[in-house]
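The values are calculated or read from the model by the stated rules, or taken from the named source; none is laboratory data. A quick note: this is a predicted structure, and the numbers were derived from the prediction, not measured. So basically every Cβ, Gly included, is an ideal-geometry build from the backbone, and we count neighbours across all protein chains shown. Protein only, heavy atoms only, side chains kept; ligands, DNA and RNA dropped before computing areas. Shrake-Rupley method; radii C 1.70, N 1.55, O 1.52, S 1.80 Å.
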Amino acid sequence: MSRKEEEFWRLHRVFFPGLLSVNTGVFGLLLLTSGLEQFLAYRVGIISGKFFNVLGSKNLEEFKSLCILSILIVIGISFTISARVLTTKTLQVGWRQTLCQMLHRLYLSNSNYYRLNVLDGSIDNPDQRISSDVSSLVESYSSIISSLVVTPFTIAYYTWDAYTRAGWIGPTGMYILFVVSTIVNKFLMKPVVHITVERERREGDFRFKHVQVRCNAESLAFHGSASSELTKVNNKLSEVCGVQQKLFNRNFIIDISVNMFAYIGAIASYLVISVPIFAGVYDSLSGAEISQMISENAFVCIYLVSQLTKLVSITGTVASMAGSTHRVCELVERLVKFGKEADLSPSTCTTTPPSSAQPFDPQSCSSPHPPSSPTFLTEHSEPSALETVCIVDTSEEIGDTQQISNLKETLEDPVIYNDLDRGEMNDVLLEFLWFSLFSPRTSSSEPELLIRNLNLKLIKGRNLLIMGPSSSGKSSLLRAVRGLWKPAQGEVIINRELEHRFFFLPQKPFFTNGTLREQEYSQFIKINGIQIIHLGLLDRCGGLDTEPNWSWYDVLSPGEQQRLAFTRLLYHDPALAVLDEATSAISQDVESRLYDCCLERKITLLSVGHRESLKQFHHQVVNLSGEDGEWKMEDIVSDKPGDKGATKLNRVWPSAPTLL
């Protein structure tokens, strides 16, 4: 069994999570209706022979009874087929929901969505795989699974029946036909799997291009480059249509083969029954009985061929399903690998004081570690006052042996936590200890040293500003704090007691779909009784609990988005606010009012920014040079004549002003 086939069969643990699960019950009902359908189909098939007999013998009473029986059988099989179709669709819905929920847990755990979309790059269009490919997979598989289970039994029965009627030549002829058709169709279908995978990839690229245009409609309109995008969109369309047509051309040849063998089977049934008839085996039967025997034998042989042909035709469905299955299993495999890396990093190590940490020598690190999700130190852990978090090299491939049914379902965001409970460290919120950071390795670029041997402590009430040129590692430093990137060496140590009171605010805020209340706001967010938000959103949304029929990103300007996101920070009132260019789209006067609100609430700030005006709200600044990981930390001078420095930090503020 190949690795991909093994991955596919492991998906059954997701489809059927237990013997008493709903999906298992629906599947059992599907098998029941499918078996009943085959039984009634046999009764329908031999009715024609019975009619030949009673009509040939002119038996009116048996004819009336046979008509009533036929009507009842037709009603029964009609209901059974409809029930089987409904059960198949129900199983399809259940599988899709179960599989998507499992993928959602994996995708949204341990920041896997970030690694997959931003850092990894090995999996294209994960959104399409979860939505479209899963739907295609379960639709195709649900349509054939009952046949895969029931058909072998029907083939065995009809093989025996054909043997009793026509001797060994009956089933032998049918099997020869089946073997030949299988070999031919398998040869024809081999390229279809690769073409199907290629088509799914092209479909994802085509859809992504349209999403790109939709999400950047205003920027595109300002640039006036729609003609260029028209060419690119049409190119993506041409690629999709080209692969799609290639797939249809291949399926055309397969359809010819399948249909040809199906109709040959109809003729073959009369060929096999002709042998015993011409040999005189049935000379003792009357004309009406011979007619019944020929009709019933023709049905048995044709149905045997149809069941064998069904297995052949199923291969066409399997071929089209293989592409979707490969893409879904590939996504599952990658997400499981991320989960195993998260479980293995960091490892258990001997507790050592921070003073034992060593400086980072870039020459000794020829292969920087890829980003991974560090583990949590939970309430069940027994760490010492200060623990060293070991760094584990996860660059080697990790084999996937974890059962999907036992996948970790944690949804917390990964951050390295350590105790800072010693008396002299009670006010330390965050510490970097011999911290060195590389950019992640990608398919198009090698890792670059961003920060080398950073040592600093962020003390409660002592605000820190990170500055430096573009691409110097400012935002990357915050990614390491959040656990999105892994340092090449050193530690990020966070005060465990305040870990749930850290708030991250990125440059581009995230807004979910839903009402204003669902954005985690109260109706009026106030500081010292003064309303700080005045964007008119209550009127624009139609109320706090009315879901608008537009996207927040389409309606709000970048500045309005940042102001709205900032109110979320103030509403949660964290101990530490980590701001990554969080006011870059806001005017300096509004920016000043927002920072004033943070100072009034005594929120410690770790900010990344370019504006010199931000210095007045911070005590220290770390300047990243962007060259060989060099950095420099300075105190921001305050209360000097003519120096605007950090004077605001030493003033007693009145009530915070209203944000206009």
Along the charge dipole of the stretch 552-623, pointing to its positive end and built from +1/-1 on Cβ of Lys, Arg, Asp and Glu, which listed residue (Leu614, Pro558, Ala575) has its Cα farthest out?
Ala575
Would you compute the Debye intensity of the stretch 129-253 from its alpha-carbon atoms alone, equal scatterers and no solvent, and pass along log10 I(q)/I(0) at q = 0.17 Å⁻¹ to two decimals?
-1.03
1/(1 + (r/R0)^6) with r = Cβ-Cβ of Glu518 and Ser470, R0 = 51 Å, i.e. FRET efficiency to nearest 0.05, evaluates to 0.90
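If you place +1 on the Cβ of every Lys and Arg, -1 on the Cβ of every Asp and Glu, and leave all else neutral, what size is the dipole of the stretch 89-231 about its Cα centre, to the nearest 20 Debye? Show your work: numbers first, answer last.
Numbers: 14 positive and 12 negative charges, 58 e Å.
Value, rounded to 20: 280 debye.
With every protein chain present, what is the per residue accessible area of the stretch 1-68 (1.4 Å probe, Å²)?
Working: 4140 Å² over 68 residues.
Per residue, the stretch 1-68 has an accessible area of 61 Å².
Stretch Arg540-Ala156 to full length: gain in nm at 0.36 nm per residue minus the Cα-Cα span? Mind dumping the intermediate values first?
Numbers: separation 384, 0.36 × 384 = 138.24 nm, distance 6.86 nm.
In short, 131.4 nm is gained.
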Per-residue HN-Hα couplings for the stretch 143-160 [Karplus 6.51, -1.76, 1.60; θ = phi - 60°; Hz; x = Gly/Pro]
6, 10, 5, 5, 5, 4, 8, 7, 4, x, 6, 5, 4, 4, 5, 6, 5, 5
What distance in nm separates the two pseudo spin-label positions at Tyr270 and Ile256, each 7 Å out from Cα along the beta-carbon direction?
2.6
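Anything over 23 Å Cα to Cα? Flag those among Lys457/Lys632; Lys337/Lys486; Lys89/Lys310; Lys457/Lys615; Lys474/Lys508; Lys460/Lys508, in the order listed.
Values: Lys457/Lys632 14 Å; Lys337/Lys486 16 Å; Lys89/Lys310 20 Å; Lys457/Lys615 18 Å; Lys474/Lys508 15 Å; Lys460/Lys508 26 Å.
Checking Cα-Cα distances, Lys460/Lys508 exceed 23 Å.
Given a Förster distance of 35 Å, report the FRET efficiency between Glu627 and Asn117 from their Cβ-Cβ distance, rounded to the nearest 0.05. Mind dumping the intermediate values first?
Working: r = 29 Å, r/R0 = 0.84.
Efficiency, rounded to the nearest 0.05: 0.75.
Quick check: residue separation of Asp554 and Ser613 times 0.36 nm, minus the Cα distance between them. What number comes out in nm? Could you put the intermediate results ahead of the total?
Working: separation 59, 0.36 × 59 = 21.24 nm, distance 2.96 nm.
Computed gain between Asp554 and Ser613 is 18.3 nm.
Please state, as a whole number in µm²/s, the translational diffusion coefficient that the Stokes-Einstein equation yields for the stretch 550-593 at 10 °C and 1.306 mPa s, with Rh defined as the Kirkwood radius across alpha carbon pairs. Please list the in-between numbers first.
Numbers: Rh = 11.3 Å.
Answer, rounded: 141 µm²/s.
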Using 7 Å Cα-to-Cβ label points, what is the Leu230/Ser587 separation (nm, one decimal)?
3.9
Measuring from a point 7 Å past the Cα of Gln244 along Cα-to-C-beta, which residues in the stretch 140-161 have an amide N at less than 20 Å?
140
Square roots of 5 times each gyration tensor eigenvalue, C-alpha, the stretch 1-72, largest first, Å
46, 15, 5
Using the beta-carbon distance between Arg214 and Gln97 and R0 = 22 Å, what value does 1/(1 + (r/R0)^6) give for FRET efficiency, to the nearest 0.05?
0.20
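Can you tell me the length gained on complete extension of the stretch Leu86 to Leu31, counting 0.36 nm per residue apart and subtracting the Cα distance? Numbers along the way, then the final one.
Working: separation 55, 0.36 × 55 = 19.80 nm, distance 1.25 nm.
Additional length available on full extension: 18.5 nm.
If packing is taken as the average number of other Cβ atoms within 10 Å across a peptide's residues, how do 584-593, 155-164, 324-333, 13-22 rank, most packed first? All intermediate terms of the calculation are to be shown ahead of the outcome.
Working: 584-593: 16.2, 155-164: 17.9, 324-333: 21.7, 13-22: 14.4.
Top to bottom by mean Cβ count within 10 Å: 324-333, 155-164, 584-593, 13-22.
Show me the ranking of peptides 57-67, 205-215 by mean Cβ neighbours inside 10 Å, starting with the highest. Mind showing how you got there, number by number?
Details: 57-67: 12.4, 205-215: 14.4.
Going by the mean number of other Cβ atoms within 10 Å, highest first, we get 205-215, 57-67.
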